[in-house]
Amino acid sequence: MALSDSFINDWLDDWNGSEKYVNEAIHQLSMGNDGDATYHPLYKAWRSFQSNPEELKNIQDYGKYGMGFMIFLSYGTVTILDDQQQLASIAYLFLSKALKKNPNNVNLLKNRLILMLSNAEALGYTVSSVVNKDKNIDTAWFDDWIDYKFKPRDAMLKMEFADLSKDKRLLTIDMLSNAHQSILRYLNEGNFGRDETERSIIMEGEQLHDEVLSYLDKRVIEEENIEF
C-alpha cells in the first residue's frame, strides 16, 4: 500500500533538520527518484548540520545518515577538499557508529568500504590526524616526513582490509574484490613490513577503525567541531 504524502511528511518531522532531509532523500531514492529529487535534500542536510552542528548529537539512524552523505559525495559536485573531508568524515563517523551496534551488517560494511575507497584523499587527512597526532610536519626530518606522508595511506589500507575480511559476500562486488587483491599484493610484497601477516593487518585495521571513530566522536559530537 502506498504511503500518503501527509504520512511521509509527519514521519520526516520526527527527525531534526539534517536527518529529516537525509530521510527524505533516501525515501526519494527508494521510489526510483534519483537526480535532483535526491541531491537537493542531501545538500540541505549538509547545510543544516553546518549551521547547527548540535543536530549531529541527535541522529537516530546512524547507518542511513552516513549512507546519505556517502551518496551525496558520489555525485561529484563537491570539489573543495576541505568540504570533501568534512562530508566524508561525517559519513565515516555515522557508518562506524552504526557498525559498533551491528558489526557484521554486510550493507554497512559495504557502504563504509565504498566511502573509503571513493574518498581516499579526503579521508586520508582525517586518518592522518589520528596516526600522526604526535608529529609536527613543519619540524620533521626527511625520514619523519616520509613516515608522516605514507603512514595514513597504510593505515587506510589496513582499515579497508579489516572490513573486506569480515564477509566473503563483499568480494562479489568488483570494486571491493579488486581492492582486496591489491592490498594482498601490497602485503605479500612486504610493503607493510616483513613480519606483517593477514591476521596482523586485520587486527591493526580494526584498532585503527576504533581510534578514528573515537577521534571523530570526540571532535564532532562532543566538541561540535566540524571544521576540517
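Compared with the dominant Cα axis of the chain, that is its longest principal axis, helix 62-74 is turned about 80°. For the peptides 185-198, 22-35, 64-77, the ranking by packing is 64-77, 22-35, 185-198, with the highest mean count of neighbouring Cβ atoms within 10 Å listed first.
What dipole magnitude, in Debye to the nearest 20, does segment 109-222 give about its Cα centre under +1 on Lys/Arg Cβ and -1 on Asp/Glu Cβ?
360
With respect to the chain, whose longest principal axis is taken over its alpha-carbon atoms, helix 17-30 is tilted by about 90°. When its C-alpha radius of gyration is set against 2.2 N^0.38 Å (N residues), the chain gives a value of 1.07.
Would you mind ranking LYS133, LYS110 by Cβ crowding within 10 Å, fewest neighbours first?
Placing the least packed residue first, the sequence is LYS133, LYS110.
When the charge dipole of segment 109-222 is built from unit charges on Cβ atoms (+1 for Lys and Arg, -1 for Asp and Glu) and taken about the Cα centre, the candidate among LEU171, GLY124, MET156 whose Cα reaches farthest toward its positive end is LEU171.
Over all distinct Cα-Cα pairs of segment 20-128, the Kirkwood formula returns a hydrodynamic radius of 13.9 Å. Farthest toward the positive end of the dipole of the chain, out of GLN181, LEU73, ALA91, is the Cα of GLN181, where the dipole comes from beta carbon charges about the Cα centre.
Put in order of Cβ neighbour count within 10 Å, fewest first, the listed residues VAL212, VAL130 become VAL130, VAL212. Once both labels are positioned 7 Å from their Cα atoms along Cα-to-Cβ, the gap between THR197 and GLU121 label points is 3.8 nm. With kT/(6 pi eta Rh) evaluated at 10 °C and eta = 1.306 mPa s, and Rh the Kirkwood radius from Cα pairs, segment 109-222 diffuses with a coefficient of 107 µm²/s according to Stokes-Einstein. Taking GLN84, GLN50, GLN181 in turn, the Gaussian network model of the chain (Cα-Cα springs below 10 Å) assigns the largest fluctuation to GLN181. The C-alpha atoms of the chain define a longest principal axis, and helix 36-51 lies at about 70 degrees to it.
Any read-out appearing in this document is the output of simple, stated calculations on the displayed coordinates, not a laboratory observation. None of these values were measured; they are calculated from a predicted model. Ideal geometry is used to build each Cβ from the backbone, glycine not excepted, and the neighbour counts take in all protein chains shown.
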